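Heads up: the structure comes next, in structure tokens.
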Amino acid sequence: MRDIDTSVITETIKDMCLKANIELADDVSSKIICAKTQETTELGKLVLSQLTENMEIAKKELIPICQDTGMAVIFIEVGQDVHLTGAPLEDAINEGVRRGYTEGFLRKSVVGDPLLRVNTGDNTPAVIHTRIVPGENVSITLAPKGFGSENMSRVYMLKPAEGIEGVKAAVLDAVKLAGPNACPPMVIGVGIGGTFEKCALLAKKALTRNLDEPSPLPHIAALEKELLEKINEMDIGPGGLGGKTTALGVNIETFPTHIAGLPVAVNICCHVNRHVTRMI
Amino acid sequence: MKKIHLELPLTKDKVQELTAGDYVYLTGVMYSARDAAHKRMTEALADGKDLPMDIKDQTIYYLGPSPARPGQVIGSAGPTTAGRMDRYTPTLLDLGLTGMIGKGRRTQAVKDSMKKNHAVYFAAVGGAGALLSKCITKADIVAYEDLGTEAVYRLEVKDFPCVVVADDKGNDLYER
Ligand code: SF4
């Protein structure tokens, strides 16, 4: 049994908020830099070089990469041999987000009631997904999510008979509908299987996986590769202005599902695909 | 690609010179407004009140910036999705608004109104807020301060880069 005071979680999350919003993870930034050398359209090249310059300014001057510093999505895995002390876990997480967004000069983009729409002023609450896992560590992934791309995400409840072709059509449909609205080049997170809500969660989780790591399942890795190629043939391009850099990656997560169903969720993310992971 | 340096305010004769696909550097004054500010402006008009600024020949930047650090003019300042403003836009175009900056598609109703009123829709690069903030030389809140990031700012810009997506002739660069 290991005691962890939740104030440590608060401090860690505070730091992660700033880090995630100022600097993209290497897998994402290197894909943008690489795309710049491969893009063929004049406007596409121009947009990609602006994105590269933007990343440099953000890092150097501590200006957020994008003004939409997102709603804080947190995946937290708590080892079952951990004993949490201090403030309740969710309060500690929200306190970390509050401090990170306030002290880090990040935008407060959360309204307290979805219909009354008054800004909470500190970007809380976070969306928290907690799992209890073996061991005595706590692993935290923070993925601030912008809504230009979130708004273009979708769930498709396919019939089993639609199979893999149905999955491909669903993903391509979502990307086409997203088009210029989702600040391409995009990153596509896909969840296949589970239930209505499970596939959406898988899709979100998929966005936090390193873009250089294909799925360990050979048929899914092949699907990721094929979809990325097809998406980049759609001529949406950087900024939606045309070109072959429409997506930087497609990550797919799967889960067993019901004999009657084939749920598919497509979580669209922009090139500002932010995720940071820390272990306590 | 045609590159044009353009001074704001954007008079209708300047609008008529622009074509979808032109690359433009804007210099002058523009105003920020996004969802909540558009809602308030529309409500003000419905109540017979004035808008917070004279909108004739003006440009609205669909923007909700991140807070400025001490010493900075503004925080990160890239465009937000324009389509969410579509339901409010024709009313503003009828009042003389000539320029809009955002990202993403517009409805046919907006494009029809742009044609009728001679207005133009520019896209700035989504997700390049740090870079674009460097083109803003002054930022002052002029209305709805209580809305936080959604307040209306008067912005002075210099060589702000954007591309004409939809012009007043019915062309739309996104529909290639
Ligand atoms: S979709 Fe992404 S890049 Fe575009 S404005 Fe939102 S967070 Fe920024």
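Derivation of every value follows stated rules applied to the coordinates shown; laboratory data play no part. A quick note: this is a predicted structure, and the numbers were derived from the prediction, not measured. Cβ sites come from the backbone with ideal geometry, for glycine too, and all protein chains shown count toward neighbours.
The table for this structure:
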{"read-out": "Whether the range A:148-272 is rounded, prolate or oblate, judged on the alpha carbon gyration tensor where a/c under 1.5 counts as rounded", "value": "prolate"}
{"read-out": "Point-to-point label distance, residue A:129-residue A:38, nm (Cα→Cβ direction, 7 Å offset)", "value": "2.7"}
{"read-out": "GNM top mover of B:119, B:37, B:68 - chain B, alpha-carbon springs below 10 Å", "value": "B:68"}
{"read-out": "Low-density loop cleavage sites - trypsin sites (Lys or Arg not before Pro) in the range B:16-94, where at most 13 other Cβ are within 10 Å (DSSP)", "value": "B:49, B:56"}
{"read-out": "Residues of type lysines that residue A:159 reaches as a straight line, Cα spacing below 16 Å, ignoring anything fewer than 8 places off in the same chain", "value": "A:168"}
{"read-out": "Distance between the range A:82-131 and the range B:71-107 - C-alpha centres, whole angstrom", "value": "29"}
{"read-out": "Extension gain, residue B:2 back to residue B:116 (0.36 nm per residue minus Cα-Cα distance, nm)", "value": "38.6 nm"}
{"read-out": "Per-residue ³J(HN,Hα) for the range A:195-208, Karplus 6.51 cos²θ - 1.76 cosθ + 1.60, θ = phi - 60°, Hz, x for Gly and Pro", "value": "10, 3, 7, 5, 5, 5, 5, 4, 5, 5, 4, 4, 5, 8"}
{"read-out": "Per-residue ³J(HN,Hα) for the range A:131-141, Karplus 6.51 cos²θ - 1.76 cosθ + 1.60, θ = phi - 60°, Hz, x for Gly and Pro", "value": "10, 9, 10, x, x, 10, 10, 10, 10, 10, 10"}
{"read-out": "Mean ellipticity per residue at 222 nm, deg cm²/dmol - from DSSP H runs of n ≥ 4 across chain A, formula -39500 (n - 2.57)", "value": "-12500 deg cm²/dmol"}
{"read-out": "Computed lengthening from residue A:136 to residue A:52, 0.36 nm per intervening residue step minus Cα-Cα distance", "value": "26.3 nm"}
{"read-out": "DSSP beta bridges in the protein assembly as shown [antiparallel fraction, %, rounded to 5]", "value": "55"}
{"read-out": "Dipole magnitude of the range B:1-113 about its Cα centre (Cβ charges: Lys, Arg +1; Asp, Glu -1), debye to nearest 20", "value": "480"}
{"read-out": "Sorted by Cβ density within 10 Å, fewest first, the residues A:34, A:269", "value": "A:34, A:269"}
{"read-out": "Where no second cysteine Cβ lies under 4.7 Å, the cysteines concerned in chain A", "value": "A:17, A:34, A:66, A:199, A:269"}
{"read-out": "Cα gyration tensor shape of the range B:3-167, rounded if a/c is under 1.5, else prolate or oblate by comparing a/b with b/c", "value": "oblate"}
{"read-out": "Of all DSSP beta bridges in the range B:62-176, antiparallel share, percent nearest 5", "value": "65"}
{"read-out": "Inter-part distance where the range A:188-234 and the range B:1-42 are each reduced to a Cα centre, Å", "value": "39"}
{"read-out": "Top of B:20, B:109, B:139 by mean-square fluctuation, Gaussian network on chain B, Cα under 10 Å", "value": "B:109"}
{"read-out": "Farthest toward positive dipole pole in the range A:148-272 [+1 Lys/Arg, -1 Asp/Glu at C-beta], among A:215, A:264, A:239", "value": "A:264"}
{"read-out": "With at most 14 neighbouring Cβ atoms within 10 Å, loop GluC sites (Glu not before Pro) (DSSP) excluded, longest segment of chain B", "value": "B:18-174"}
{"read-out": "Shielding by other protein chains, A:54-64, mean Cβ within 10 Å", "value": "6"}
{"read-out": "Highest-MSF residue in chain A out of A:251, A:210, A:123 [GNM, Cα springs under 10 Å]", "value": "A:210"}
{"read-out": "Zone of residue B:108's modelled label, taken as backbone nitrogen in the range B:80-94 under 11 Å from a point 7 Å along Cα→Cβ", "value": "none"}
{"read-out": "Cα gyration tensor shape of chain A, rounded if a/c is under 1.5, else prolate or oblate by comparing a/b with b/c", "value": "oblate"}
{"read-out": "For the range B:151-168, 3J(HN,Hα) per residue [Karplus equation, 6.51 cos²θ - 1.76 cosθ + 1.60, θ = phi - 60°, Hz, x = Gly/Pro]", "value": "5, 8, 9, 8, 10, 9, 10, 9, 6, 6, x, 7, 10, 6, 8, 10, 9, 8"}
{"read-out": "Environment charge at residue A:135 (Cβ cut-off 10 Å; Lys +1, Arg +1, Asp -1, Glu -1)", "value": "-2"}
{"read-out": "Cβ-derived FRET efficiency at R0 25 Å, residue B:91 paired with residue B:16, nearest 0.05", "value": "0.65"}
{"read-out": "Helix-derived mean residue ellipticity, 222 nm - over chain B, DSSP H n ≥ 4, -39500 (n - 2.57), to 500", "value": "-5500 deg cm²/dmol"}
{"read-out": "Neighbourhood charge, 15 Å Cβ-Cβ cut-off, centred on residue A:255 and excluding it, Lys, Arg +1 and Asp, Glu -1", "value": "+3"}
{"read-out": "Theoretical FRET efficiency, 1/(1+(r/R0)^6), r = Cβ-Cβ of residue A:159 and residue B:27, R0 56 Å, to 0.05", "value": "0.50"}
